[in-house]
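Visitor: First, the structure itself, so that you have it in front of you.
Derivation of every value follows stated rules applied to the coordinates shown; laboratory data play no part. Note that the coordinates shown come from a computational prediction; the quantities given were computed from them, not determined experimentally. Ideal geometry is used to build each Cβ from the backbone, glycine not excepted, and the neighbour counts take in all protein chains shown.
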Amino acid sequence: MDHFPIIQALCRAALSQPSPAVRKQIERLRDALKEKGDTKAASVLAGMLTTAERTSEISPSRIVQSRAQLSGETLRPNTPVPVDRETSAPLAQLIFPSETRLSAPLFNDTVSKAVRAVLEEWSNLEPLAEVGVQAAKTCLLYGAPGTGKTRLALWMAAQLELPILLARIDGLVSSFLGTTARNIANLFTFANRYRCVLLLDEFDAFAKLRDDPQEVGEIKRVVNALLQNLDSRRDVGLTIGITNHPQLLDSAVWRRFEVQLEVPKPDFDVRVEIARHFMPPVNAPETHLRMIAWFTDGATGAEIETLVRTYKKAMAVQNGEERLLLDTLRQFATLNSGRIDATRKELIFSSNGVLFRTMKEDQQLGFSLEDIGRIAGKDKSTIARNIKTLEKESDGSGTVSAHG
Ligand SMILES: Nc1ncnc2c1ncn2[C@@H]1O[C@H](COP(=O)(O)OP(=O)(O)O)[C@@H](O)[C@H]1O
Ligand SMILES: [Mg+2]
């Protein structure tokens, strides 16, 4: 289709503020393109529509301002936060919604819906109380590092237009006996006085006290302080706990959280969307986004973000000479050895025949020989020949397995 990049840019701009009419017209265009056999352009539009849907889906349909509903004083940027008595280190940091202009992290439908349910509850505290239902005000997010938990928590508070009181766990943990428990109590007293979301990020750090056998009494005090304070806060304000190591959390603390949401590593479709999300202003072809998603099997959103940054750098410094996606992926795999799945890494460095055949056979990639050719900088007959040669070899010697 002529001028498709322009049309694509137009659609993307329109979808940044999607109205039903905008969606409908883009859907029409997608169907028309598909009918005319331009499946590639159609799938680009389909992808855009899914992204728009995902990002709007995670937001509650109508956020009733929670301001009126949570009782307490209003936090200001100059409100003094409590400090550790011995070191004067602040126990928390204030983050106001205007400071976090973050877009929603991308998740699969199940997680998006769960997040929306929590937000809907939190933005309807009053109507729920009126019918005698207590909203769940404590939420634990757990999962691998880099899956978007912190970003999700910041974004949720911004959706509710509430400031975040971000606990400094390192500041809370004191080497003075009894001080950690007192710091926790002071922090919660402060949180309960104001309208805010209390964020306990990476709060498994308390558990490190446990490594020290001398600290048995202290860890008990700390856990008790946490339990008591979580209990008393439950009816007052909203709390989000985050941990990368749920197994380190005391099980009683773990149980205190009414909502326990596991933030998973992204699946293939979500990886495509995350790659797309971080790509602008570079306009990467759909095949590249899919290839990046294939390559980052088992990786986190943060890792995909890093790879996309590498991709953009390669695009920016190509000085006339075309940089191939495969070279970029190989470079990334070499410099980020631990971040890439071993099988993927092996494949990306294997012979053309093996790699091309794997790409051709991968259902999720759904690549044609032309697609692979474009990615590899070869024409489609060369790709076909590479695959064929491999098949002949494996027929002959029987040493190459059928699945490369
Ligand atoms: N699901 C996701 N969607 C979009 N971006 C993500 C996602 N997961 C991670 N990221 C990116 O990685 C960065 C780090 O994520 P972060 O929220 O700090 O992870 P965690 O707190 O789980 O370790 C985020 O700021 C975001 O840019
Ligand atoms: Mg984090």
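Visitor: What does the convex hull of the Cα atoms come to per residue for the stretch 92-262, in Å³? Walk me through the numbers before you get to the answer.
Guide: Details: hull volume 19.3 nm³, N = 171.
With only Cα atoms used, the stretch 92-262 gives 113 Å³ per residue.
Visitor: If the only charges are +1 at each Lys and Arg Cβ and -1 at each Asp and Glu Cβ, what is the size of the charge dipole of the chain around the Cα centre, to the nearest 20 debye?
Guide: Values: 51 positive and 50 negative charges, 121 e Å.
The calculation lands at about 580 debye.
Visitor: Quick one: order 227, 390, 141, 106 by neighbouring beta-carbon count within 10 Å, fewest to most.
Guide: Numbers: 227 15, 390 19, 141 27, 106 24.
Going from least to most buried by this count: 227, 390, 106, 141.
Visitor: At 222 nm, what value in deg cm²/dmol follows for the chain if DSSP H runs of at least 4 each add -39500 (n - 2.57) and the sum is divided by all its residues, to the nearest 500? Working shown, then result.
Guide: Values: 18 runs with 213 residues, N = 404.
Calculated mean residue ellipticity at 222 nm is -16500 deg cm²/dmol.
Visitor: With +1 on the Cβ of every Lys and Arg and -1 on the Cβ of every Asp and Glu, and nothing else charged, how large is the dipole of the stretch 1-58 about its Cα centre, in debye rounded to the nearest 20? Write down the numbers at each step before the final one.
Guide: Numbers: 9 positive and 7 negative charges, 5 e Å.
I would put it at about 20 debye.
Visitor: List 3, 277 from most exposed to least, where exposure is judged by having the fewest other Cβ atoms within 10 Å.
Guide: So the ranking, lowest neighbour count to highest, is 3, 277.
Visitor: So, one more: Counting only residues 5 or more places away or on other chains, whose amide H sits under 5 Å from the amide H of residue 241 once H atoms are built in the peptide plane?
Guide: Residues meeting the criterion, in which the H sits 1.01 Å from N, are 139, 140, 141, 200.
Visitor: Still on this structure: Which one of 360, 345, 34 has the biggest mean-square fluctuation once the chain is modelled by GNM with Cα springs under 10 Å?
Guide: Of 360, 345, 34, the most mobile in the Gaussian network model is 34.
Visitor: To the nearest Å, what is the center-to-center distance of the stretch 228-283 and the stretch 304-370, using C-alpha atoms only?
Guide: Cα centres, the stretch 228-283 to the stretch 304-370: 30 Å.
Visitor: Past 20 Å, Cα to Cα, is the threshold; run 24/113; 36/378; 149/265; 265/312 against it and keep the listed order. Kindly include the intermediate steps, with their values, before the conclusion.
Guide: Working: 24/113 23 Å; 36/378 27 Å; 149/265 11 Å; 265/312 23 Å.
With Cα atoms farther than 20 Å apart: 24/113; 36/378; 265/312.
Visitor: Which is farthest toward the positive dipole end of the chain among 51, 138, 302, measuring Cα position about the Cα centre, with Cβ charges +1 (Lys, Arg) and -1 (Asp, Glu)?
Guide: So the residue we want is 51.
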